[in-house]
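Asker: This is the structure I have questions about; it appears just below.
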Amino acid sequence: MTDFDAEELFHLGLKASENGDKERSITFFKRAIELEPAAASYYLLGAEYAEIGMMSRAAECMQRAVDNDPELWTAWFQLGLVYLALQDTDKAKASFSPLEALGEDAYLFHFALGMNKLIEEDVEGSLASLARGLELNDDNPALNRDVQNIIDSLLENLGELAGNEEELTPNAPEATDAGDSEKEAREHLLVSKYRNS
């Protein structure tokens, strides 16, 4: 592997990732970073870590990516999702914040707004913003799939909550506050986001 330069290693990492070979993709991206600590290599290494459930390492890599290239907008959004999976809502909000500068014509603006509304427990507002982002995004189908998964999970959780509320009587000992149930469902979604992808 010592005969490859950073660009070659980066592309080998991409190919390995496309083939689902996590071990080789992580190895290639780490080696590329050793030769040249490029933002894109950090970002994709972070994405690989996220997919295997190593969220702390994912956050560290993606943070380095945006530190190296503050205009790597997708990395900001993914970093926010990683922090949500780590249940660190303050850092998630800080990661989504730079996307506000993109304006309402940008799909990442609406994706970030949707996730912030989810953090604030405004599920309906979150769904509307995420759906608007999907409408605007015609250049990143992979990200659309991720966001659609979030929407589907939210709708599924809302359906389950509605079903539970119908089954419970006001005096039933197992009845819980609807707001607490919704919060628990939201937290479960955020924790499992990458592990279910």
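Asker: Mind checking which residues of region 13-25 are without any contact (Cβ under 8 Å) to a residue 24 or more places away in the chain and in a helix (DSSP H, G or I)?
Answerer: Within region 13-25, LYS15, ALA16, GLU18, GLU23, ARG24, SER25 meet the criteria.
Asker: Same structure, new question: Looking at this structure, is ARG64 in contact with a Pro (Cβ under 8 Å, 6 or more places away or on another chain) and either in a helix (DSSP H, G or I) or under 23 Å from LYS117 (Cα atoms) (or both)?
Answerer: In short, yes.
Asker: Please pick out the residue among GLY125, GLY114 that is buried (at least 19 other Cβ atoms within 10 Å of the Cβ), part of a helix (DSSP H, G or I) and not basic (Lys, Arg).
Answerer: From the options GLY125, GLY114, the qualifying one is GLY114.
Asker: Being buried (at least 18 other Cβ atoms within 10 Å of the Cβ) and touching a residue at least 40 places away in the same chain (Cβ under 8 Å) narrows it down to one residue among LEU99, LEU84; which is it?
Answerer: LEU84
Asker: For region 109-125, how many residues are basic (Lys, Arg) and either at pLDDT below 95 or under 16 Å from GLY159 (Cα atoms) (or both)?
Answerer: 0
The values are calculated or read from the model by the stated rules, or taken from the named source; none is laboratory data. Because the structure is predicted, anything quoted here is derived from the model rather than measured. Counting neighbours? That spans all protein chains shown, and the Cβs are built from the backbone with ideal geometry, glycine included.
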